[in-house]
Ligand SMILES: CC(C)(COP(=O)(O)OP(=O)(O)OC[C@H]1O[C@@H](n2cnc3c(N)ncnc32)[C@H](O)[C@@H]1OP(=O)(O)O)[C@@H](O)C(=O)NCCC(=O)NCCS
């Protein structure tokens with residue numbers, strides 16, 4: 001089964017927003033596109049689980065989250081790469097933050113980058129980052145930033161990023177983590 005054409009999918013944002021040169025750089029049997037409302041069934045969570053712990057909320061809650069993200073205009077851009085069998089093999093998101101400073105500037109935050117173990121080392125991570133950086137820059141963001149482990153610094157340097165400042169985190173206690181769908 002080949003991958004489902006974009007026109008037959010309910011997508012998070014218009015596929016034209018993914019830079020054409022990134023689409024063209026992928027091998028013929030792979031396709032990059034926005035996340036679709038049916039991607040729960042194409043292994044979206046399974047690919048994300050190479051990154052961290054993923055708790056499966058079930059399809060209805062997954063779709064509700066998709067719809068909530070899409071309802072925020074020009075804010076969430078989640079993308080996927082699918083293989084020839086229509087299975088998701090790579091994922092990533094850029095979130096556009098609106099600011100009061102820098103002339104009401106915007107900043108792109110890259111989040112949740114993951115490539116299926118069987119497909120790592122084939123430049124799919126690079127293509128995801130190039131696509132998300134392109135979306136961020138074309139949206140008018142004056143910078144695109146992300147957090148990563150020390151072991152992934154060389155990967156992001158290969159993608160054109162440089163190390164800047166530090167990340168700080170404060171995790172909420174368990175009781176504050178109730179899902180609010
Ligand atoms: C990190 C990850 C996204 C990289 O994706 P990938 O498709 O395997 O990497 P690519 O093939 O696109 O790599 C691009 C370049 O970066 C290099 N690279 C990738 N990961 C690297 C690493 N950890 N250390 C050093 N170099 C690395 C590659 O060798 C390649 O270099 P080249 O252009 O000289 O050949 C992927 O391995 C992954 O999903 N890891 C688990 C989840 C994770 O850590 N996500 C990132 C969260 S911040």
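The values are calculated or read from the model by the stated rules, or taken from the named source; none is laboratory data. It should be emphasised that the depicted structure is a prediction, and the values quoted were computed from it without experimental measurement. Don't worry about glycine lacking a Cβ; one is built from the backbone with ideal geometry, like all the others, and counts go over all protein chains shown.
Going by the structure shown, is residue 82 within 12 Å of the ligand (Cβ to nearest atom), closer than 25 Å to residue 24 by Cβ and either touching a strand residue (DSSP E or B) at 6+ places or on another chain (Cβ under 7 Å) or touching a residue at least 24 places away in the same chain (Cβ under 8 Å) (or both)?
No.
If I ask for residues that are over 22 Å from residue 46 (Cα atoms) and in contact with a helix residue (DSSP H, G or I) (Cβ under 7 Å, 6 or more places away or on another chain), which ones from segment 106-127 would you list?
Passing the criteria: only 108.
For (1) over 22 Å from residue 32 (Cα atoms); (2) in contact with a helix residue (DSSP H, G or I) (Cβ under 9 Å, 6 or more places away or on another chain), each residue gets a yes or a no:
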residue: 79; (1), (2): no, yes
residue: 104; (1), (2): yes, no
residue: 133; (1), (2): no, no
residue: 142; (1), (2): yes, yes
residue: 169; (1), (2): yes, no
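Scan segment 49-62 and give yes if some residue there is under 21 Å from residue 5 (Cβ atoms) and at pLDDT 95 or above, otherwise no.
No, segment 49-62 has no match at all.
Please note which helices (runs of 4 or more DSSP H) are completely contained in segment 1-106 and include at least 3 residues that are closer than 20 Å to residue 136 by Cα.
Helices (runs of 4 or more DSSP H) meeting the threshold: 20-25, 59-71, 101-104.
Say we look at segment 32-60 and pick out the residues that are in contact with a strand residue (DSSP E or B) (Cβ under 7 Å, 6 or more places away or on another chain) and over 24 Å from residue 96 (Cβ atoms); which of these is nearest to the ligand (Cβ to nearest atom)?
50
Just name the residue that is nearest to the ligand (Cβ to nearest atom) out of those in segment 150-165 that are in a loop (DSSP other than H, G, I, E, B) and at pLDDT 95 or above.
159
Among 110, 88, which is more than 17 Å from residue 17 (Cα to Cα) and crowded, with 21+ Cβ neighbours inside 10 Å? Break it down stepwise before answering.
Numbers: 110 fails: more than 17 Å from residue 17 (Cα to Cα).
Residue meeting the stated conditions: 88.
For residue 102, which of the numbered conditions (1) within 15 Å of the ligand (Cβ to nearest atom); (2) touching a residue at least 40 places away in the same chain (Cβ under 8 Å); (3) at positive phi fails to hold?
That leaves (1) as the condition not met.
In this structure, does residue 113 turn out to be near the ligand (Cβ under 8 Å from one of its atoms), in contact (Cβ under 8 Å) with a residue 12 or more places away in the chain, within 14 Å of residue 32 (Cβ to Cβ) and in a strand (DSSP E or B)?
yes
Identify all residues within segment 124-149 that are without any contact (Cβ under 8 Å) to a residue 60 or more places away in the chain, near the ligand (Cβ under 9 Å from one of its atoms) and either more than 25 Å from residue 53 (Cβ to Cβ) or crowded, with 20+ Cβ neighbours inside 10 Å (or both); write none if there are none. Break it down into steps so the answer makes sense when it comes.
At the first step, the residues of segment 124-149 found to be without any contact (Cβ under 8 Å) to a residue 60 or more places away in the chain are 125-126, 129, 132-133, 136-137, 140-149.
Next, only the ones that are near the ligand (Cβ under 9 Å from one of its atoms) stay: 125-126, 129, 146-149.
Of everything in segment 124-149, those that are without any contact (Cβ under 8 Å) to a residue 60 or more places away in the chain, near the ligand (Cβ under 9 Å from one of its atoms) and either more than 25 Å from residue 53 (Cβ to Cβ) or crowded, with 20+ Cβ neighbours inside 10 Å (or both) turn out to be 125, 126, 129, 146.
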